[in-house]
1. Any idea which of L8, L64, I76 is furthest toward the positive side of the dipole for the range 4-107, if Lys and Arg beta-carbons carry +1 and Asp and Glu beta-carbons -1?
2. Taking the Cβ of I65 as the centre, find all other residues whose Cβ is under 12 Å away and add up their charges (Lys, Arg: +1; Asp, Glu: -1).
3. Students often get this wrong, so check it: of K91/K155; K6/K60; K6/K36, which have C-alpha atoms separated by over 26 Å?
4. How much net charge surrounds V56 when only the other residues with a Cβ under 11 Å from the Cβ of V56 are counted, with Lys and Arg +1 and Asp and Glu -1?
5. R108 to R179: FRET efficiency via 1/(1 + (r/R0)^6), r the Cβ-Cβ distance, R0 30 Å, to the nearest 0.05?
6. Given [x] 26, 24, 18; [y] 44, 17, 14; [z] 31, 19, 17 as candidate values of semi-axes √(5λ) of the Cα gyration tensor in Å, which corresponds to the one derived from the coordinates?
7. Please identify the GluC sites (Glu not before Pro) of the range 63-152 that satisfy two criteria: DSSP loop assignment and at most 13 other Cβ atoms within 10 Å. Which are they?
8. Using a 1.4 Å probe, how large is the accessible area of W222, given in Å² and rounded to the nearest 10?
Amino acid sequence: MHSSLKSLLDEKVEQYNRPGFIAHDPISIPHRFTQKQDIEIMGLWAAILAWGQRPVIIRKANELIDLMDGAPYDFIRHHEDNDLKRFLSFKHRTFNATDTLYFLHFFREYYQTQNSLEEAFVPPDFSPAETTRRSLETFHDRFCCGNYFPPRTRKHIATPARNSSCKRLNMFLRWMVRRDDRGVDFGLWQRIQPSQLVMPIDVHVGRVARKLGLLTRDQTDWTAAVALTDTLKQFDPTDPVKYDFALFGLGVEGEM
């Protein structure tokens, strides 16, 4: 790959991988918290809600936090059935009260036996040499097999098994796994490595990647996400997904 293209992308990573980037991005939601479980819960929820206009996504995620009395992990562990009525009017695009109540149920059941959401993403015999494909498939299957799982909620949990690009879950994994001490990504998890991550590819990232010749596939699906990641590994094999900052920034800020 051309060294001038690597230079451009590295420069844009420097520009956008900084705390000033946070305010207008859904990652601002988990940044409201310091406790690991609060960060995991609201990180996952903000990522799942992340489609549409960013200000609306942030407003709706903040609305969820308010409904949980500003303390998601504490609310999930200690709420009474009566407390759930307040969620019946929550809606964001096609995410409705049924989905919301199941998310609360899943989190409550899950954290009764586990200390970190990372375990839900780690398949048996997980090897550092593989991508997070099996992580995402494992999470999908664990999330969707719970008691009272409503079939309509499945559409909100993407999986490579359906050749979805898994943009929102890949973004969540970037937040939890990348460790660069730049004040944006959290780097809370240890069992998944940054080198295993797959690019969160959306319309902005896909458009810019194709314009720069980093991606030739027309469809925005899992195959495209892996192909783009493999190309970016030529620039940084240990942390290819850092270039999400560059490609997203170039797209959403109107530079390309």
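1. L8
2. Net of charged neighbours comes to -2.
3. From the list (K91/K155; K6/K60; K6/K36), the Cα-Cα distance tops 26 Å for K6/K60; K6/K36.
4. Every neighbour counted, the sum reads +3.
5. After rounding to 0.05, the efficiency reads 0.55.
6. The calculated read-out lines up with [z].
7. Hits after loop and neighbour filter: E80, E130.
8. 10
The values are calculated or read from the model by the stated rules, or taken from the named source; none is laboratory data. Treat the numbers as computed from the prediction; the structure is a model and nothing was measured. Backbone-built Cβ (ideal geometry, glycine too); neighbour counts: all protein chains shown. In case anyone asks, the SASA skips ligands and DNA or RNA and just uses the protein heavy atoms, side chains included. Shrake-Rupley method; radii C 1.70, N 1.55, O 1.52, S 1.80 Å.
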